[in-house]
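One structure is given here, and the rest of the page talks about it.
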Amino acid sequence: MGESSGVKIAAVTHDFHERLEFSARLSDESAWVSFYQGIWPDMVSAVRLDRDSEWQRDGIDRVVFLANGRQLLIDEKKRESTDKQGQPYLDVLLEEWSVFHREGDGRNRIGWALDRKKRCDFLAYAIPLASRCYLLPFELTRLAFTMHRSAWAREFGTRDAQNQGYITRNVPVPWKILHAGIVEQMHRGFTTASTLQLPAPFVVKDQLTFRWGL
């Protein structure tokens, strides 16, 4: 389970640029680069995007360049808050509303965890106090939250961060639950009415092979 259910409002008023600076703290740069190097040993470079740009507005904090020419777009987030016992939270705060005034208010803006226009490939969600970072495939994470949004909000509650004139609303989802939701999105079946016929496999030199007919 995550934190206790219900809505809680953070005591600190956050500023967008202040939080951006928090996530981009230069002293963390070597740790981020080492993290990506461990995942992609053929990484050529990992470029941090710090200036205000269309990249930043699209939720992209870093571009990882691989030796084969691929470019991976990554959104980096950090969570350093602790519970009453001083232990770091290990769940993932999924942003439901980036700007929220009240239900049905036309000024409300959907959060990054539900944003279909967001362009990143991965979300790197770091919990420094626990020496942990979740590398999440963004689109599968978004689909999982879209499917389970109401149920997760009821079960785990919401967390509101007070900003200047509005709040940002998040749903704290335990890692095991989020992981299961992502895996669920990776398994899709054909409908019972499908006429698709899969070819029978055969073995060639100990390798299982499928051959499609013309």
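For the reader, a short list of remarks on this structure follows.
- Complete set of residues in region 121-133 that are crowded, with 19+ Cβ neighbours inside 10 Å and hydroxyl-bearing (Ser, Thr, Tyr): TYR125
- Restricting the first member to region 68-88 and to residues that are more than 20 Å from GLN56 (Cα to Cα), and the second to residues that are at pLDDT 95 or above and among the hydroxyl-bearing types (Ser, Thr, Tyr), no beta-carbon pair is closer than 8 Å while six or more apart or on different chains.
- Residue in region 101-121 that is outside any loop (DSSP other than H, G, I, E, B) and farther than 21 Å from ALA161 by Cβ present: no
- Residues that are modelled with pLDDT under 95 and of a type in the set (Phe, Trp, Tyr), drawn from region 60-96: TYR89
- Number of the condition not met by ASP160 [criteria: (1) without any contact (Cβ under 8 Å) to a residue 24 or more places away in the chain; (2) closer than 24 Å to ASP58 by Cα; (3) not hydrophobic (A, V, I, L, M, F, W, C)]: (1)
- Hits in region 76-87 (condition: surrounded by fewer than 16 Cβ atoms within 10 Å (Cβ to Cβ) and assigned to a loop (DSSP other than H, G, I, E, B)): GLU80, SER81, ASP83, LYS84, GLN85, GLY86, GLN87
- Here is the figure for region 131-156: residues that are in a helix (DSSP H, G or I) and of a type in the set (Ser, Thr, Tyr) total 3.
- Count - residues of region 161-189 that are assigned to a strand (DSSP E or B) and crowded, with 18+ Cβ neighbours inside 10 Å: 8
- Filtering region 144-159 to residues that are surrounded by 17 or more Cβ atoms within 10 Å (Cβ to Cβ) and either in contact with a Phe, Trp or Tyr (Cβ under 8 Å, 6 or more places away or on another chain) or among the hydrophobic types (A, V, I, L, M, F, W, C) (or both) leaves ALA144, PHE145, TRP152, ALA153, PHE156.
- One residue alone among LEU90, LEU73 is under 18 Å from the mean Cα position of the chain (by Cα) and part of a strand (DSSP E or B), and that residue is LEU73.
The values are calculated or read from the model by the stated rules, or taken from the named source; none is laboratory data. What you see is a predicted model, and the numbers here were worked out from it, not measured in a lab. Glycine also receives a Cβ, built like all others from the backbone with ideal geometry; neighbour counts cover every protein chain displayed.
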